[in-house]
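The values are calculated or read from the model by the stated rules, or taken from the named source; none is laboratory data. Model, not experiment: these values are computed from the prediction. Neighbour counts run over all protein chains shown; Cβ positions are idealised from the backbone, glycine included.
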Amino acid sequence: MTLCGLTLDRPRIMGILNVTPDSFSDGGRLDGVAAAMARGQAMVAEGADILDIGGESTRPGAVLVPVDEEISRTAPVIRALRAAGVTAPISIDTRKAAVARAALEAGADMVNDVTALRFDADMAAVVAEAGCPVCLMHSKGDPETMQNAPAYADVTTEVLAHLRAAIARAEAAGIARDRIVVDPGIGFGKTQEHNLALLRELARFGDLGLPILLGASRKRFIGTITGVEVAADRLAGSLAVALHGARLGARILRVHDVRETKEALAMWCAIEGETA
Ligand code: HH2
């Protein structure tokens, strides 16, 4: 199985490149592009196999960013990375078809949609036409409201059913099955117990027969368990979850701390008898 030309016989690292305004200094757009490009280049040098660029926060409570604004945050960074000779696959983290289209035109290779093609009715067609890979992630509700008492009878069974339906919708829209990646959506409309149950039962997502992407890096539930309030300081807990995910079959780990995750994975792979 391959993704954007990468073999998935071992876990791959997707480096998170958020180009939301709070990631930028106040120095204006150009400084922002230069800073984001430098960070992207650094992540590739540290071992990122894929870069995931996002121009809209999907954290709990986040509000919608207008399409034009999201495009002007993301497309120039992708173009700049390509102009600088970065050849690593680039994924665009968006729920909006126009943002995905602009990113693909700018040089992105893959679409990462946290709503599994449900937010924007045109998204499936954009992906199908481009023939690019897509990550279908489970979420419940939208970021503004998703943490308002989410409830499931059996979270893993329900998330699996939701992803099966999402895969069927994608295939019906003309997206080839071998272009689809699935993600349980840690933290998206889930309580602490839901997140832990999904991680405990992650191997069940292998039943879908598609690569599993796991995005747990620095998330709130790690802070709650480890007692680390500042998100950037949640490295140790994030590494523990990444290695657990790798062991239960995750093939793409979406992380902030690329170098550290790469080193942790190298140890794990060596013990498993694989090469990192
Ligand atoms: N999590 C976030 C954003 N995009 N995509 C996938 N496929 N899986 C995830 O778990 C996932 C995602 C949220 O994390 P982060 O990028 O750190 O925050 P924000 O959305 O606020 O930029």
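From V111, V126, grab the single residue that is without any contact (Cβ under 8 Å) to a residue 40 or more places away in the chain and either more than 16 Å from the ligand (Cβ to nearest atom) or out of contact with any Cys (no Cβ under 9 Å at 6 or more places or on another chain) (or both).
None of the other options fit; the residue is V126.
Hey, does region 139-155 have a residue that's in a helix (DSSP H, G or I), in contact (Cβ under 8 Å) with a residue 40 or more places away in the chain and out of contact with any His (no Cβ under 6 Å at 6 or more places or on another chain)?
So in region 139-155, the residues in a helix (DSSP H, G or I) come out as 155.
Those left that are additionally in contact (Cβ under 8 Å) with a residue 40 or more places away in the chain: 155.
Still in the running and out of contact with any His (no Cβ under 6 Å at 6 or more places or on another chain): none.
Within region 139-155, not a single residue is in a helix (DSSP H, G or I), in contact (Cβ under 8 Å) with a residue 40 or more places away in the chain and out of contact with any His (no Cβ under 6 Å at 6 or more places or on another chain).
Are there any helices (runs of 4 or more DSSP H) wholly within region 1-106 with 3 or more residues that are out of contact with any helix residue (DSSP H, G or I) (no Cβ under 6 Å at 6 or more places or on another chain) and touching a residue at least 24 places away in the same chain (Cβ under 8 Å), and if so which?
On the way: elements: 29-46, 67-83, 97-106.
Hits in region 1-106: 29-46, 67-83.
Could you grab me the full set of residues in region 36-64 that are among the small types (G, A, S) and within 16 Å of the ligand (Cβ to nearest atom)?
Step one: list which residues in region 36-64 are among the small types (G, A, S), which gives 36, 38, 40, 42, 45, 47-48, 54-55, 57, 61-62.
Those that are among the small types (G, A, S) and within 16 Å of the ligand (Cβ to nearest atom): A36, G40, A48, G54, G55, S57, G61, A62.
Kindly indicate which of E201, E171, E129, E158 is acidic (D, E), crowded, with 17+ Cβ neighbours inside 10 Å and at pLDDT 95 or above. It would help to see each step written out before you state the result.
Details: E171 fails: crowded, with 17+ Cβ neighbours inside 10 Å; E129 fails: crowded, with 17+ Cβ neighbours inside 10 Å; E158 fails: crowded, with 17+ Cβ neighbours inside 10 Å.
Sole residue among the options that is acidic (D, E), crowded, with 17+ Cβ neighbours inside 10 Å and at pLDDT 95 or above: E201.
Name, by its number, the condition in (1) within 14 Å of the ligand (Cβ to nearest atom); (2) buried (at least 19 other Cβ atoms within 10 Å of the Cβ); (3) closer than 25 Å to A106 by Cβ that does not hold for F119.
(2)
The conditions are (1) farther than 19 Å from T58 by Cβ; (2) within 18 Å of the chain's Cα centre (by Cα); (3) among the acidic types (D, E), and D142 fails exactly one of them. Which is it?
For D142, the failing item is (1).
Working only within region 172-222, note down all residues that are within 11 Å of the ligand (Cβ to nearest atom), assigned to a loop (DSSP other than H, G, I, E, B) and under 16 Å from the mean Cα position of the chain (by Cα).
P184, G185, I186, G187, F188, G215, A216, S217, R218, K219
Hey, does region 234-256 have a residue that's touching a residue at least 40 places away in the same chain (Cβ under 8 Å), more than 17 Å from I16 (Cβ to Cβ), in a helix (DSSP H, G or I) and not hydrophobic (A, V, I, L, M, F, W, C)?
Yes, there is a match, as at least one residue in region 234-256 is touching a residue at least 40 places away in the same chain (Cβ under 8 Å), more than 17 Å from I16 (Cβ to Cβ), in a helix (DSSP H, G or I) and not hydrophobic (A, V, I, L, M, F, W, C).
Could you check, for region 237-248, whether at least one of its residues is more than 11 Å from the ligand (Cβ to nearest atom), within 26 Å of G5 (Cα to Cα) and among the basic types (K, R)?
Yes - at least one qualifying residue is present in region 237-248.
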